[in-house]
1. Share of antiparallel DSSP beta bridges in the chain, in percent to the nearest 5?
2. Charges at C-beta only: +1 for Lys and Arg, -1 for Asp and Glu. How large is the resulting dipole of the chain about its Cα centre, in Debye rounded to 20?
3. Of all the accessible heavy-atom surface of the chain, with the other protein chains kept in place and a 1.4 Å probe, what percent is carbon and sulfur?
4. Considering every Cα-Cα pair within segment 116-205, what fraction, in whole percent, is farther apart than 19 Å?
5. Given the C-alpha centroids of segment 312-338 and segment 264-310, what is the distance between them in whole angstrom?
6. If I stretch the segment between Arg23 and Arg301 completely, what's the gain in nm (0.36 nm per residue apart, minus their alpha carbon distance), one decimal?
7. Are any of the pairs Lys171/Lys212; Lys146/Lys192; Lys171/Lys198; Lys3/Lys89; Lys146/Lys241 more than 18 Å apart by Cα-Cα distance, and if so, which?
8. If packing is taken as the average number of other Cβ atoms within 10 Å across a peptide's residues, how do 259-266, 314-321, 19-26 rank, most packed first?
Amino acid sequence: MVKARKYVVEKYFDGIPKISDYRIVEYELPSLRNGEILLKAEWISIDPYIRAYNRMNKVPYDQFSFQIGIVQESLDPNYPVGTRVVTHKGWCDYTIVSDKKAPVKDIPNDILYKLQDLKGLSPSLGIGALGMPGATAYLAFLEICKPKKGETVVVTGAAGAVGSIVGQIAKIKGCKVIGFAGSDNKVNWLEKELGFDKALNYKTVDVQTALKSAAPNGIDCYFDNVGGEISSTIMAQMNKKGRVAVCGSISSYNADPSQMPKATIIQLPVILNELKIEGFIIWEWFDRWFEAFDQLTAWIRNGQLKTPEHVTDGFDNLFEAFIGMMSGDNFGKAVVKV
């Protein structure tokens, strides 16, 4: 029998999540049945949607997220011992899964696939640039914003897992890229390390004035990770037929549901400039994830795409990594090495 540990959400988050909202449960896993495999977690993903989806599940529930696990025991010949697989089994150190040999019905909970052969790249990329965040950046930006060479692209949450990749893809496509982040260190990093044309610290600049200076000819594409007033300001400066991909609203995730923050209305600029605004849910695009992975891998190998990671060590530090990510401590993808 294998002893396993998992984080269970006991209470809904009220504002900033607290460690008391969780309980770490230790339990014994049963013996494998035919078709099942035993996984030991190697890497666990930390993402903003953990906070956003908190009240979509009935408490108590096991904390979800993506993870990369290594097969320890197997009663499925398609998953031999030593195989790395990607699941959505979350904050646990051991888990039992099975390949149902059927179309995914309960995305993301039913997700199970072999980690692609990364040929020397870190396996952690399978939950980052070559996982759900990378697929989000690639598909949401290219399919909704449809960038054209020479256009101006603005990205909020630009130093995060998705935003940092979106900005680099925009540069690959020949666009001018402006990113917003929450510290001067991140601003310097975006410009000097990732090649953004301009980065701005939204905490210290006047967003409207700074944006007009950085994008005097207006904005064609906006990749929105944060929502709030900054998004209204950006959309008010967009060009005719501008495109907006709404991927997140991290500025409001810790807000009281009954007292959501207010922002300037955007209907007038949307109408006058005939803006296209489309929300993006990555689970609806699962059949195209591997298309994204192939292209992203090619860009990584030829040096066009950098894949920064913010690594925390230890299963016991998962909550610390989560709070750090929500506070904006991470440069790039936040992952935990178990």
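1. Percentage antiparallel, nearest 5: 55.
2. The calculation lands at about 720 debye.
3. About 51 percent, which is the carbon plus sulfur part of the accessible surface.
4. Looking at segment 116-205, the distances longer than 19 Å represent 41 percent of pairs.
5. 23
6. This chain segment gains 96.0 nm when fully extended.
7. Long pairs (Cα-Cα over 18 Å): Lys171/Lys212; Lys146/Lys192.
8. 314-321, 19-26, 259-266
The values are calculated or read from the model by the stated rules, or taken from the named source; none is laboratory data. The model shown is predicted, which means the values in this text are computed figures rather than measured ones. Don't worry about glycine lacking a Cβ; one is built from the backbone with ideal geometry, like all the others, and counts go over all protein chains shown. Ligands, DNA and RNA are stripped out before the accessible areas are found, and what is left, the full protein with its side chains, is counted by its heavy atoms. Shrake-Rupley method; radii C 1.70, N 1.55, O 1.52, S 1.80 Å.
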